[in-house]
Every structure is written in C-alpha cells, then in structure tokens.
Amino acid sequence: MCGKGIGKNIENKSEVVRETHFYGYSTPEGNGVKMEKFKFTSDVMEILNNCKGVTIPETRKELIELALNGTDEFTVSYEVDGKMRDEAIVTRCKNGVVINYTDPYMRRRDPDCLIVGDDKATDKPRYSEMFGKDFGELRKETFEWLKQQELLVVPVMVGGDEYGYPVVLIAPKNAGFFACGLSDLQYFTNIAEYDGVFEPVVNIYLVPPFRHTHFDGKQIVVHNRLDEVYELLSYNLYPGPSAKKGLYGFLLDVGEREGWITAHTSAVKIVTPYENEIVMMHEGASGGGKSEMSEHVHREPDGRIHVGTNIVTKEDFYLRLEEPCELHPIADDMAMCHPKMQNDSKKLVIKDVEAGWFVRVDHIKEYGTDPHLEKSCIQPDEPLVFMSMQAQPNSTVLIWEHTIDEDTNKPCPNPRVILPRRMIQNIIDAPAEVDIRSFGVRTPPCTMEVPTYGIMGLMHILPPALGWLWRLVAPRGHANPSIVDKGGMTSEGIGSYGYFLTGSVVKQANLLLEQVLNTLNTRYVLIPNQHIGCYDVGFKPQWIAREYIARRGSARFRRESLIEARCPLLGYGLSKLKVDGQLVRKAFLQPETQSEIGLEGYDKGAKILSDFFKSELKKFDTPELDPLGKKILDCCMNDGSLEDYIALIPIKL
C-alpha cells in the first residue's frame with residue numbers, strides 16, 4: 001500500500017518567512033519545505049505550506065524529547081476562549097515519560113466518541129444529523145487552526161510493512177507525547193531511510209482545544225471517509241479513541257470493503273512443561289481480559305494461586321501450580337485476519353496489527369504482583385510511555401502507584417503503559433494458526449438475593465453458532481476500568497469492535513459468520529472474569545483455563561467430560577477440571593451448585609442474559625443478514641436448546 005510516484009514540493013505561497021525544522025534530508029526554503037519522500041493530499045500540502053513550522057522526527061529519541069519540550073516537566077496547554085487551558089502534564093522519569101491529564105475524564109476512553117463526517121453508508125451517528133450542519137465547515141476550521149501552529153508530521157505504518165497501510169499524523173508540536181504514543185503503538189517510519197515515496201492513506205489531524213470550543217469537553221473523533229484518503233479528525237489528546245481505536249476503524253472499513261476482519265483480540269502460544277503447544281486468541285470487550293491472557297498467573301508470596309474468595313462466607317480457595325506453561329505472546333488487542341494469511345488448515349490465521357501494546361495495569365497494586373511486567377517497566381531497555389501514574393521529575397515511575405482521580409479520590413482505574421513489541425520476551429511476529437478462540441466477559445457477583453448474569457462457570461465450550469452469537473452481542477460487562485462506564489450491562493457488539501466500526505453491523509455479522517464457517521477446526525470457549533457466582537476471582541479463570549487446555553495437548557474435548565449448561569447460551573460446562581493433579585471445586589464449574597445461588601438464582605440470571613441477547617440481536621434481523629445467520633438468530637429468539645444450535649453448525653468435540 002506504499003505510494004509510488006513523484007512526491008510534490010510545498011511551494012511558498014506567502015511573503016511571511018516562517019522557521020521550518022525538517023530533519024535529515026531537506027532544508028528550509030523560504031516558507032516551503034521540499035518533501036520528495038511524501039505524496040500528500042492537497043489539503044495537507046496547504047496546511048504545511050502555511051503553518052508556523054514543521055518538524056518531522058526521525059528517531060524515537062527525538063520523539064521523547066519533543067514530548068518533554070526539552071525539559072524535565074512540561075505542561076501541554078491551549079488557548080480556549082482567550083485563556084490558556086492545561087490539558088496534560090508530561091514528566092521525565094528515569095524509565096520513561098509519564099502523561100497525566102488534568103481532567104480525570106480524559107484518563108479513560110469515552111465509548112461514544114465516534115462520529116461520521118461523510119455521507120457514505122454507516123450505522124453510527126453523523127455529524128450533520130447531530131449538529132444540523134455540514135461537517136465541511138468544521139473541517140475547514142480544523143485546517144485553519146492547524147495553519148496557526150508549529151506542527152509535527154509523523155509517518156507510521158498501521159499493520160506493519162507486509163500487510164500494513166501508511167498513515168501520517170499532523171499535530172501541534174507541543175503534543176509531542178501524543179505523537180510518541182502513536183509511534184510506539186504503530187510502526188514508526190524514519191522517513192529519511194524510507195525506500196520509495198510515502199503516500200498516506202490515512203491522515204490524522206489532532207486539534208485538542210476543539211474538545212472545549214465545539215464538543216462540550218467530550219472526546220470526539222470524526223471519521224471522514226473520502227475517496228482519496230481516510231481522515232481521522234481527533235479533537236482530544238487521549239490516544240485511545242484516535243491513534244489506536246480510530247485506526248482500528250480504518251482497518252475495519254478496509255476489511256468491510258475487501259471481505260476480511262481485524263479481530264479485537266489478544267493471542268498467545270502456550271508451551272507446556274512437556275512441550276505441548278497450543279495457540280489461544282482471547283476476544284472480548286474492553287476490560288475482558290485480552291492483555292491478561294499473555295500475563296503469567298499471579299501468585300501469593302508462598303507460590304499458591306488464589307483462585308477466589310466467597311463474598312458471602314469470605315472463604316478462600318487456592319491451587320498450586322508447580323511449573324506453569326511458557327508463554328509466547330502473539331497479539332494484545334488487534335489482530336489482522338487477512339485472507340492472504342489463511343491456509344488449508346481450516347483454522348483461523350492471525351497476525352498482530354500493532355507495534356506496541358497499550359497495557360492496562362490497574363491490577364498491579366503492589367510490588368511483586370507481576371514480576372515479569374514490573375521488571376519490563378522499571379528497568380526497560382529504552383524509555384517507555386506511561387499514563388495516569390504518579391511521577392516526580394527524574395524519579396522512577398512505579399506501575400502500582402496510580403494517579404488519584406480528583407473527582408472520586410480513588411486511584412485512576414485505567415493506568416497504562418505502552419510496551420513496544422521489541423521489548424516483549426518470546427514475542428511471535430509471524431502469522432499464527434489459532435486452536436482455541438476464547439471470549440472473555442466481565443461478570444458481576446450473583447446470589448439468590450441479587451441475581452445477575454454472573455452465572456458462568458470457569459470455562460464453557462461453545463458450538464460455532466453460539467461462538468458467533470456471543471461475538472454479535474459482545475457484552476461489555478461489569479465494572480469496566482478502561483472506558484467511561486454508564487453502568488449496567490451494555491454491548492460493544494460485532495466481535496467487541498462495534499464501537500470502532502464506521503460501516504454496517506450486518507455486513508460485519510456476515511463476515512464473522514463466513515469466517516466461522518471457513519475455520520471450523522478452530523474451537524470456541526467462553527471464560528468469565530471478576531466473578532463466578534458469589535466468588536470474586538479476578539482474571540484467574542482465564543489463566544487456569546489456559547493452563548488446563550494447554551496441558552490437555554489438544555483443542556478437542558471428550559463428550560463425557562462435558563455437561564450441558566443449564567442456560568443454553570452457555571453451551572457446555574465442564575463436569576470436572578484437573579490442573580497439575582488438583583481438582584477445581586465444582587462450585588467454580590457449575591455456579592448453580594453454589595448454595596448462595598441455587599437453581600432459582602441461576603435461572604433468574606439466565607433470563608437476564610437471555611433477555612439481553614434478544615434485545616441486542618434485534619438490530620441484526622434484516623433482509624441483508626445471511627440466511628444461516630437468520631436461523632441462528634431465530635433459534636435464540638425462540639429459546640432454542642443446545643442441540644438446536646449444534647444442528648445449525650455442528651461442533652467438533
């Protein structure tokens with residue numbers, strides 16, 4: 001996707017001579033800069049030709065210094081209604097730079113930030129409908145504001161070299177930390193060493209003060225799908241909605257047009273002490289345990305694993321795992337399922353989209369919780385980018401010292417560190433075949449007195465039809481730390497990437513179903529986190545399930561080891577689960593056996609779950625839906641049995 005042809009020069013169209021910093025391969029020329037390495041749209045050329053200066057960093061070291069503005073602590077501010085407004089404080093620490101937003105709202109992603117600026121088909125809100133005027137007016141204002149700034153121009157490749165797409169960020173120079181974060185998340189390109197002409201297919205325009213002047217303080221990102229280029233107009237400084245999920249929206253748009261999917265998933269190859277290997281990908285809404293799937297299981301000081309605590313009786317349950325499996329991470333949040341990678345194995349083949357991982361560390365509350373991650377962050381090979389952590393200039397930032405949110409007086413629930421893939425031990429760069437495709441759900445506590453959808457056992461095996469349904473609904477679940485949560489059970493929909501999608505949910509549903517049918521040797525499981533009935537379990541279920549599946553040495557399950565879940569949407573439960581010779585309590589596998597829940601509490605929770613599915617699936621029931629998909633939807637709407645789902649798409653146990 002790299003552009004070919006002759007790059008254009010920015011011509012001098014003004015008598016005012018402005019200083020232009022252009023590293024490496026060109027020099028200022030009046031008000032213009034020769035840019036033989038780029039082929040930009042006319043809009044970008046117009047902006048760069050008339051702005052107050054251009055800086056194009058060539059190294060990560062330059063990006064770090066730009067983030068700090070050459071100081072040890074730098075406040076990022078913009079003029080809003082005639083007054084300077086502080087947006088973020090950037091602090092130099094021994095192990096990296098720390099970004100702390102002055103507004104607690106900006107420390108988490110707002111799930112409703114995506115607006116569509118064009119008139120192409122979409123299921124998302126349009127700017128013209130929300131504000132009663134054409135987006136072209138705001139787009140023009142955006143470009144005029146950029147012309148008044150000193151600017152950064154940062155080229156990256158989303159998806160890497162072989163399957164990737166060229167992207168350029170146009171940002172105010174004082175937002176260097178945003179550019180640094182983008183460059184770590186995607187594949188930073190040293191334009192001086194780039195072979196050929198860099199022709200972006202995505203332009204990201206960063207205009208932070210418009211959050212206040214035009215959008216009542218909200219984290220708005222406008223997706224404008226032009227024929228010549230995909231525009232992301234980011235009106236906030238949090239990289240989640242634009243530098244990360246905004247580019248995800250672009251990949252989904254490309255895939256929708258070409259017939260493939262970028263999954264919202266992590267993935268890891270698991271190697272047992274006996275050298276069995278298995279690959280799991282773990283999908284789910286934000287907070288569903290994607291990053292945790294590549295983490296080593298958290299242990300007590302004596303080496304035991306604390307599986308869970310009964311919130312009623314306060315009883316604890318532990319396991320011992322003498323020799324855990326070896327982990328080879330593949331992806332953390334976004335994995336490309338490109339058709340060129342697929343083969344004849346009938347298994348899904350995936351590859352990481354990102355160059356760095358946006359790792360949430362809210363669960364790291366003290367030293368020793370995760371020694372591997374702590375060492376990577378405290379003694380990194382090169383400076384890292386941290387967010388929402390306590391920092392003093394030239395100190396060492398500690399990932400368990402989270403920023404205190406002023407509005408709640410509690411630690412920020414979404415502290416982050418960007419870990420470049422090159423710093424991650426045992427990383428796998430090549431495409432990988434997936435044996436198990438798991439889905440994570442944050443579940444609340446469930447008791448007979450307060451029944452909820454927290455009725456899932458430690459692991460459920462799903463037939464393909466149910467695997468597809470769970471991805472259509474993709475419940476966000478309980479107490480989500482990553483986003484501005486509205487409370488209650490909500491849906492991220494369509495493989496849990498629905499909030500980032502600019503196109504059609506029904507088209508995506510058809511693509512997902514086609515993917516399921518083409519990869520029937522990849523099997524589906526469902527794993528809760530946070531609670532199993534009345535047990536507080538955190539992310540232990542997926543770590544235990546990971547060890548159990550790998551030790552079995554196969555993605556196939558014996559029918560006699562399974563039991564039909566009382567709620568058909570949960571497929572099969574496990575009749576027993578043994579890890580390292582230790583049986584896990586039946587209460588963790590079949591929550592209805594917990595005395596605090598019983599059959600009555602379980603059935604009420606099952607109805608909550610079923611009603612939620614029926615409500616969320618209505619949007620897919622259109623003539624455009626694949627006929628088989630329509631049958632699966634009808635099965636759910638009519639309270640079909642597990643056998644009914646299996647009859648639609650057989651399961652290979």
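Can you report the number of residues in the stretch 63-74 which are in contact with a helix residue (DSSP H, G or I) (Cβ under 9 Å, 6 or more places away or on another chain) and open to solvent by 20 Å² or more (accessible area, probe 1.4 Å)?
So the answer is 4.
Does residue 74 satisfy being within 20 Å of residue 418 (Cβ to Cβ) and of a type in the set (Phe, Trp, Tyr)?
When the stated conditions are applied, residue 74 passes them.
Inspect the stretch 162-171 for any residue being free of Cβ contacts under 8 Å to residues at least 60 places away in the same chain and either aromatic (Phe, Trp, Tyr) or in a strand (DSSP E or B) (or both) and give the result as yes or no. Spell out the reasoning first.
As a first pass, look at the stretch 162-171 and keep what is free of Cβ contacts under 8 Å to residues at least 60 places away in the same chain: 162, 171.
Still in the list and also either aromatic (Phe, Trp, Tyr) or in a strand (DSSP E or B) (or both): 171.
So far as the stretch 162-171 goes, yes, one or more of its residues are free of Cβ contacts under 8 Å to residues at least 60 places away in the same chain and either aromatic (Phe, Trp, Tyr) or in a strand (DSSP E or B) (or both).
From the list 595, 615, exactly one residue is open to solvent by 20 Å² or more (accessible area, probe 1.4 Å) and within 30 Å of residue 304 (Cα to Cα). Which is it?
595
Scan (1) under 25 Å from residue 472 (Cα atoms); (2) basic (Lys, Arg); (3) touching a strand residue (DSSP E or B) at 6+ places or on another chain (Cβ under 8 Å) for the single condition residue 551 breaks and write down its number.
For residue 551, the failing item is (1).
Looking at the structure I just gave you, is residue 226 at pLDDT 95 or above and either buried (at least 21 other Cβ atoms within 10 Å of the Cβ) or acidic (Asp, Glu) (or both)?
No; evaluated as a whole, the condition is false for this residue.
Can you confirm whether residue 197 is modelled with pLDDT under 95, over 25 Å from residue 64 (Cβ atoms), of a type in the set (Val, Ile, Thr) and open to solvent by 10 Å² or more (accessible area, probe 1.4 Å)? Before the answer, list the steps.
Details: modelled with pLDDT under 95: yes; over 25 Å from residue 64 (Cβ atoms): yes; of a type in the set (Val, Ile, Thr): yes; open to solvent by 10 Å² or more (accessible area, probe 1.4 Å): yes.
The answer is yes for residue 197.
Residues that are within 25 Å of residue 404 (Cβ to Cβ) and within 23 Å of the chain's Cα centre (by Cα), at least 1 per element: which strands (runs of 3 or more DSSP E) completely within the stretch 55-124 meet that?
The strands (runs of 3 or more DSSP E) meeting that bar are 83-93, 96-101.
Quick one: in the stretch 631-653, of everything that is part of a helix (DSSP H, G or I) and farther than 22 Å from residue 607 by Cα, which residue is least open to solvent (accessible area, probe 1.4 Å)?
648
Quick check, is residue 298 open to solvent by 10 Å² or more (accessible area, probe 1.4 Å), over 30 Å from residue 403 (Cβ atoms) and either of a type in the set (D, E, K, R) or not in a helix (DSSP H, G or I) (or both)?
Working: open to solvent by 10 Å² or more (accessible area, probe 1.4 Å): yes; over 30 Å from residue 403 (Cβ atoms): no; either of a type in the set (D, E, K, R) or not in a helix (DSSP H, G or I) (or both): yes.
Here the answer is no, as residue 298 does not meet what is asked.
Just checking, does the stretch 472-486 include any residue being modelled with pLDDT of 95 or more and touching a Gly at 6+ places or on another chain (Cβ under 6 Å)?
Among the residues of the stretch 472-486, not one is modelled with pLDDT of 95 or more and touching a Gly at 6+ places or on another chain (Cβ under 6 Å), which makes the answer no.
For the stretch 436-469, name all the residues that are among the β-branched types (Val, Ile, Thr) and part of a strand (DSSP E or B).
Of everything in the stretch 436-469, those that are among the β-branched types (Val, Ile, Thr) and part of a strand (DSSP E or B) turn out to be 436, 441, 461.
Out of everything in the stretch 324-344 that is open to solvent by 30 Å² or more (accessible area, probe 1.4 Å) and part of a loop (DSSP other than H, G, I, E, B), what residue ends up being modelled with the lowest pLDDT?
324
Which condition number in (1) part of a helix (DSSP H, G or I); (2) surrounded by 18 or more Cβ atoms within 10 Å (Cβ to Cβ) is the one that residue 154 fails?
(1)
Kindly evaluate residue 365 against the criterion of being surrounded by fewer than 24 Cβ atoms within 10 Å (Cβ to Cβ), at pLDDT 95 or above and of a type in the set (D, E, K, R).
No.
Out of all the residues in the stretch 254-273, which are assigned to a helix (DSSP H, G or I) and charged (D, E, K, R)?
256, 257, 258, listed by residue number.
Give me the pairs: first residue in the stretch 642-653 and at pLDDT below 95, second residue charged (D, E, K, R) and part of a loop (DSSP other than H, G, I, E, B), beta-carbon distance under 8 Å, and six or more apart or on different chains, which are they?
652/556; 653/556; 653/558
Of the residues in the stretch 230-253, how many are part of a strand (DSSP E or B), out of contact with any Asp or Glu (no Cβ under 8 Å at 6 or more places or on another chain) and closer than 20 Å to residue 504 by Cα?
Within the stretch 230-253, residues that are part of a strand (DSSP E or B), out of contact with any Asp or Glu (no Cβ under 8 Å at 6 or more places or on another chain) and closer than 20 Å to residue 504 by Cα number 2.
Tell me, which residue of the stretch 484-543 that is in contact with a Lys or Arg (Cβ under 8 Å, 6 or more places away or on another chain) and aromatic (Phe, Trp, Tyr) is surrounded by the fewest Cβ atoms within 10 Å (Cβ to Cβ)?
Going through the qualifying residues, I end up with 524.
Please work out which residue is nearest to residue 125 (Cα to Cα), limiting yourself to the stretch 211-223 and to residues that are open to solvent by 10 Å² or more (accessible area, probe 1.4 Å) and not small (Gly, Ala, Ser).
Going through the qualifying residues, I end up with 220.
Can you tell me which residue among 350, 378, 428 is open to solvent by 30 Å² or more (accessible area, probe 1.4 Å), among the β-branched types (Val, Ile, Thr), at pLDDT 95 or above and within 30 Å of residue 652 (Cα to Cα)?
Selected residue: 428, the only one of 350, 378, 428 that is open to solvent by 30 Å² or more (accessible area, probe 1.4 Å), among the β-branched types (Val, Ile, Thr), at pLDDT 95 or above and within 30 Å of residue 652 (Cα to Cα).
Can you tell me which residue within the stretch 379-435, out of those that are acidic (Asp, Glu) and assigned to a strand (DSSP E or B), is nearest to the chain's Cα centre (by Cα)?
433
If we keep just the residues of the stretch 381-424 that are charged (D, E, K, R) and buried (at least 19 other Cβ atoms within 10 Å of the Cβ), which is nearest to residue 298 (Cα to Cα)?
It comes out as 416.
Can you list the strands (runs of 3 or more DSSP E) found entirely within the stretch 511-599 that contain at least 1 residues being farther than 24 Å from residue 299 by Cβ?
Output list reads 523-532, 562-564, 572-574.
With respect to residue 141, is the statement that it is of a type in the set (D, E, K, R) and modelled with pLDDT under 95 true? Reasoning before the result, please.
On the way: of a type in the set (D, E, K, R): yes; modelled with pLDDT under 95: no.
Answer is no for this residue.
Give the number of residues within the stretch 183-229 that are over 23 Å from residue 37 (Cβ atoms) and outside any loop (DSSP other than H, G, I, E, B).
Just the residues of the stretch 183-229 that are over 23 Å from residue 37 (Cβ atoms), to begin with: 207-225, 227.
From the residues that got through so far, the ones that are outside any loop (DSSP other than H, G, I, E, B) too are 210-213, 221-225.
Qualifying residue count for the region: 9.
So which of 314, 375, 347 ends up being in a loop (DSSP other than H, G, I, E, B), free of Cβ contacts under 8 Å to residues at least 40 places away in the same chain and of a type in the set (Lys, Arg)?
Exactly one residue qualifies, and that residue is 314.
Pairs under 9 Å by beta carbon, first residue free of Cβ contacts under 8 Å to residues at least 24 places away in the same chain in the stretch 63-79, partner basic (Lys, Arg) and not in a strand (DSSP E or B), six or more apart or different chains?
Close Cβ pairs (under 9 Å, with a partner that is basic (Lys, Arg) and not in a strand (DSSP E or B)) do not exist here.
The values are calculated or read from the model by the stated rules, or taken from the named source; none is laboratory data. Model, not experiment: these values are computed from the prediction. In this analysis, Cβ positions are derived from the backbone assuming ideal geometry, glycine residues included, and neighbour counts consider all displayed protein chains. Please note that ligands, DNA and RNA were not included when accessible areas were found on the heavy atoms of the full protein model with its side chains. Shrake-Rupley method; radii C 1.70, N 1.55, O 1.52, S 1.80 Å.
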